[in-house]
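Reading through the structure tokens given below for one structure.
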Amino acid sequence: MADEDGVYFTTLGPGTTTNSGALMACEGSPCTATLVGDATLESPKLLAMTPDALFVAPEISTDAPFASMRGYKRIDHLALSTFPFGAYSPFGLFSPVGTKDLYFVDRGSASAGTGKSIAKLVAGAGTYSFSPYVTVQNANAYGRIVLASGKVLTTSPTLDAIYEATNPNARVQGHQIVDLATDGTDIAWLSTHSLAPSVWRCAAGCSVAPVNLGASAVQPRGIAFDATGIYWTSEGATQQSGRIEWIRAGTNGPPTVIAEKLPQPQRIAVTKKFLYFTTFGGPGVGATQGTVRRLAKPL
């Protein structure tokens with residue numbers, strides 16, 4: 001993730017070591033990546049930030065408590081001492097741009113007898129307090145999460161639909177949805193369906209039918225969305241055939257290639273001037289050649 005103050009990313013640690021992941025910060029210009037907290041995180045794949053805090057958590061699917069979720073102050077990277085725990089089986093973290101609120105999906109615990117819900121951490125006086133946001137009654141409503149046009153939207157477990165959290169029957173069909181993004185009003189997502197991998201957008205929190213932007217992406221991985229455009233990465237068919245493409249906001253394409261012949265690009269973030277993205281950079285699981293890269297944003 002990135003904003004004008006810095007870029008933040010997670011690492012999974014060397015090889016298959018379970019608890020050696022870390023949260024890294026690269027602030028200022030030029031910047032050098034520095035460790036936030038310590039390198040003992042378990043599979044830290046979920047990352048969100050507010051103007052004053054950073055949050056990181058594992059992406060897990062087992063019936064396990066959310067004990068590894070951590071929060072840090074952005075100004076000095078000190079841990080949030082009053083940070084609350086207690087959710088189970090997390091899948092999504094999201095903070096609306098310009099706010100201090102953090103939304104996350106709690107998929108519940110069968111053993112603890114807790115149900116699925118979307119919760120919110122509310123900022124105040126330098127601390128964060130736990131405040132349940134909404135209980136999702138539909139058992140299939142959980143996953144990635146965004147807040148657009150005042151609606152909390154989440155993906156289904158089979159990644160084939162997007163639900164409105166307060167009305168699980170209001171749904172938009174999709175196929176193998178791997179990532180969601182929003183500009184605060186509209187949302188966009190990537191589909192990795194083997195027959196038609198593509199990029200989709202729908203307006204006003206999906207109150208209207210989605211539009212297939214007609215972009216054919218080979219193994220799409222990450223998407224970002226702002227007032228200028230929609231940007232996404234795709235791994236490509238080989239280790240050095242990844243791409244970054246974009247479509248200008250308010251249009252239906254065709255997409256323009258920004259960069260190509262990249263080593264397996266993954267997540268992507270956008271600021272006022274730049275695009276930041278990560279790469280695997282090496283073969284196999286546990287590769288150590290991953291990078292964080294920056295491109296000038298098209299205007």
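Observations on the structure shown:
- Filtering 144, 243, 221, 171 for residues that are among the basic types (Lys, Arg) and at pLDDT 90 or above leaves a single hit, 243.
- Counted residues, the stretch 27-53 - those being assigned to a loop (DSSP other than H, G, I, E, B) and among the polar types (S, T, N, Q): 4
- Of note, residue 100 satisfies the criterion of being modelled with pLDDT of 80 or more and among the basic types (Lys, Arg).
- Here residue 198 passes the criteria (1) closer than 30 Å to residue 28 by Cα; (2) surrounded by fewer than 21 Cβ atoms within 10 Å (Cβ to Cβ); (3) of a type in the set (Ser, Thr, Tyr); (4) touching a Pro at 6+ places or on another chain (Cβ under 9 Å) except the one numbered (1).
- Residue list for the stretch 245-272, filter: buried (at least 16 other Cβ atoms within 10 Å of the Cβ) and assigned to a loop (DSSP other than H, G, I, E, B): 253, 255, 263, 264, 271
- If you go through the stretch 191-202 and keep only what is at pLDDT below 85 and either closer than 27 Å to residue 273 by Cβ or not in a loop (DSSP other than H, G, I, E, B) (or both), you end up with 191, 198.
- Residue count for the stretch 203-240, restricted to those that are assigned to a loop (DSSP other than H, G, I, E, B) and touching a Ser or Thr at 6+ places or on another chain (Cβ under 9 Å): 11.
- Residues in the stretch 210-238 that are surrounded by fewer than 16 Cβ atoms within 10 Å (Cβ to Cβ) and in contact with a Gly (Cβ under 8 Å, 6 or more places away or on another chain): 214, 218.
The values are calculated or read from the model by the stated rules, or taken from the named source; none is laboratory data. If you're wondering where the values come from, they're calculated on a predicted model, not measured in any experiment. Note: ideal-geometry Cβ built from the backbone for every residue, glycine included; neighbour counts use all protein chains shown.
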